[in-house]
Each structure stands twice: as C-alpha cells, then as structure tokens.
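> Below are the structure tokens for one structure; questions will follow.
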Amino acid sequence: MNTLLIRLSAPMQSWGTQSRFTVRDTGLEPSKSGVIGLLCAALGIDREDDAGLQPLASLRVGVRVDREGLLQVDYHTAQNVMMANGKTKDTELSNRYYLANAVFLVGLSSENLALLERLQAALHKPVWSLFFGRKAFVPSEPIPLEDGLRKGETLERALQTYPCLRESEKDKLRVVLEDPKGSIVRSDQPLSFSRAGRKFAPRRVSVTFYAAPEPMKETA
C-alpha cells in the first residue's frame, strides 16, 4: 500500500456536507467529497466526468488534525436567487460557517502508485484554481509536501509518523480514518459532481488519537 500526504492550511476553510440553503455548515475537518473535489480541480476533471472521478473516489482517505480550527460564521445576503419553482427571489439571507486557522494533514491511500504520483504532480501544477470550500478560501501554504509520497506505507503509518505541520500544545492529535467497520457514518462518498445533481453515498469512519510527532523542521 502507498500513501500520498497533503497539507490543507488556510486562514479560512469550509467543508460542508449537509446543508445547501440558508444555513451552510462545515465539518470540523475536511470531508472526503471536498478533498476529492480538490483533486479533480488539480487534474482538470470536469464535473460531468463521472468516469474520471471514479478512481479518485476509490482512494481511502484519512485526516490528522494538526491544528483544530475555530468555528466561525458569516452572515451573507444574496440577490436574485433561483427558487425550486423556477422563479427568482430578490434577496436571500444565509449563515455560512467556516473554520479559522485550521491545519490538516490529509492522507490518500492506494495500491495504485502511478495514480498517487500523478496527483502529486498535478498539485504542483494544478489545471484549475484550488480552494477550500469557497473560492475566497485559498491555501496559505503549498498543498503538496515534497516528501509526501510515502511508498509502501499504510495510511495509518503515514499519518502516525509524519512530522507535525505545526508545533502542537497537545500530546495527542485527533485522526479521522475511513474504516468499513467504523461506528460513524458520513454521507460524503462522491458518486457524481454533475451540475444536474450532485450525488453522494454514505461511508464509515472511525476517530482515534495518535501521539503528536515532533514538529516539521523549517527549511531555509
């Protein structure tokens, strides 16, 4: 098994999975659908290309929370919003949640080393702009890690041993792992990102805690 590690760090991130209307939620860590959408943008895979999405959706995903984000909310006013009956509404008010100053180490695991190498290269030179949930939420640090491709390492091993992206005040870091035997169900397994109607399936995850590794050494 091989694992590709990437860094998701930004002043603001939003990883909603449940609401799309007046209240826009965010998870406390990146959703699988959000991460896979990011990879699709890097590769230039169109929303209508379900066949291109499939190999990415089959990746096993894990997230290590190197710095928990602070949950915040914006109050938005939108105009000329399309309603279900086909008419438009002059003004729509919404509350949109996001995470402030969060840092995540995300692992993507597969036996297909060529696919992970392709993703690593695409993240260095993405086809389309990359952002974290909203177009205004752009990365504050490079997403690809120079030593992020861990050949022969399992997802668990890679997340357990890779240096902390931030100096941690905690002895243990929260880790969310895709796990068919997990007790938590999340509806963020992407089936289609089509404009006609996005589709997601449920998947199981487990939450555990790993001892915080030493922080990453700064390079000159």
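> Inside region 166-188, can you point out the residues that are in a strand (DSSP E or B) and under 16 Å from Leu155 (Cβ atoms)? Talk me through it step by step, then tell me what you get.
Start the filter on region 166-188 by keeping residues that are in a strand (DSSP E or B), which leaves 172-178, 184-188.
Listed by number, the residues that qualify are Leu173, Arg174, Val175, Val176, Leu177, Glu178.
> Just checking, does region 53-65 include any residue being in a strand (DSSP E or B), in contact with a Phe, Trp or Tyr (Cβ under 8 Å, 6 or more places away or on another chain) and surrounded by fewer than 23 Cβ atoms within 10 Å (Cβ to Cβ)? Don't jump to the end; show me each part of the working.
First pass over region 53-65, keeping only residues in a strand (DSSP E or B): 60-65.
Subsequent filtering for residues that are in contact with a Phe, Trp or Tyr (Cβ under 8 Å, 6 or more places away or on another chain) retains 63-65.
Going one step further and asking which of them are surrounded by fewer than 23 Cβ atoms within 10 Å (Cβ to Cβ), we end up with 65.
Looking for residues that are in a strand (DSSP E or B), in contact with a Phe, Trp or Tyr (Cβ under 8 Å, 6 or more places away or on another chain) and surrounded by fewer than 23 Cβ atoms within 10 Å (Cβ to Cβ), one finds at least one in region 53-65, hence yes.
> Just to be sure I understand, how many residues within region 162-197 are surrounded by 14 or more Cβ atoms within 10 Å (Cβ to Cβ), farther than 15 Å from Asp66 by Cα and touching a residue at least 60 places away in the same chain (Cβ under 8 Å)? Write out each step before concluding.
Of all residues in region 162-197, those surrounded by 14 or more Cβ atoms within 10 Å (Cβ to Cβ) come to 162-166, 168, 170, 173-179, 182, 186, 188-194.
Those still in the list that are farther than 15 Å from Asp66 by Cα too: 178-179, 182, 186, 188-194.
Filter once more, keeping what is touching a residue at least 60 places away in the same chain (Cβ under 8 Å): 178, 186, 188-194.
Residues that pass the stated criteria total 9.
> Of the residues Leu130, Leu115, Leu145, only one is under 14 Å from the mean Cα position of the chain (by Cα) and either under 14 Å from Ala42 (Cα atoms) or at pLDDT 95 or above (or both); which? Steps first, please.
On the way: Leu115 fails: under 14 Å from the mean Cα position of the chain (by Cα); Leu145 fails: under 14 Å from the mean Cα position of the chain (by Cα).
Leu130 is the lone residue from the list that is under 14 Å from the mean Cα position of the chain (by Cα) and either under 14 Å from Ala42 (Cα atoms) or at pLDDT 95 or above (or both).
> Condition (residue is surrounded by fewer than 17 Cβ atoms within 10 Å (Cβ to Cβ), among the aliphatic types (A, V, I, L, M) and either touching a helix residue (DSSP H, G or I) at 6+ places or on another chain (Cβ under 7 Å) or at pLDDT below 95 (or both)) applied to region 198-215: is it met by at least one residue?
Within region 198-215, not a single residue is surrounded by fewer than 17 Cβ atoms within 10 Å (Cβ to Cβ), among the aliphatic types (A, V, I, L, M) and either touching a helix residue (DSSP H, G or I) at 6+ places or on another chain (Cβ under 7 Å) or at pLDDT below 95 (or both).
> Further question: For residues that are closer than 30 Å to Ala212 by Cα and not aliphatic (A, V, I, L, M), scanning just region 70-104, find the one that is modelled with the lowest pLDDT. So that I can check it myself, show each step before the final result.
From region 70-104, those closer than 30 Å to Ala212 by Cα are 70-73, 97-104; that's our starting set.
Pick out the ones that are also not aliphatic (A, V, I, L, M) and you get 72, 97-98, 101, 104.
Working: Gln72: 93, Tyr97: 87, Tyr98: 90, Asn101: 96, Phe104: 98.
If we take residues in region 70-104 being closer than 30 Å to Ala212 by Cα and not aliphatic (A, V, I, L, M), then Tyr97 is modelled with the lowest pLDDT.
> Can you give me the number of residues within region 163-185 that are at pLDDT 95 or above and either touching a Gly at 6+ places or on another chain (Cβ under 8 Å) or small (Gly, Ala, Ser) (or both)?
Kept after step one, since they are at pLDDT 95 or above, are these residues of region 163-185: 163-165, 172-185.
Those still in the list that are either touching a Gly at 6+ places or on another chain (Cβ under 8 Å) or small (Gly, Ala, Ser) (or both) too: 175-178, 182-183.
Count: 6.
Residues checked against (1) surrounded by 14 or more Cβ atoms within 10 Å (Cβ to Cβ); (2) in a strand (DSSP E or B); (3) out of contact with any Leu (no Cβ under 7 Å at 6 or more places or on another chain):
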| site | (1), (2), (3) |
| --- | --- |
| Tyr98 | yes, yes, yes |
| Asn101 | yes, yes, no |
| Phe104 | yes, yes, no |
| Leu108 | yes, yes, no |
| Leu123 | yes, no, yes |
| Pro139 | yes, no, no |
| Glu146 | no, yes, yes |
| Ala158 | yes, no, no |
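The values are calculated or read from the model by the stated rules, or taken from the named source; none is laboratory data. As the structure is a computational prediction, the values presented were derived from the model and not from experiment. Because the Cβ atoms are built from the backbone with ideal geometry, glycine has one as well, and the counts that use them run over all protein chains shown.
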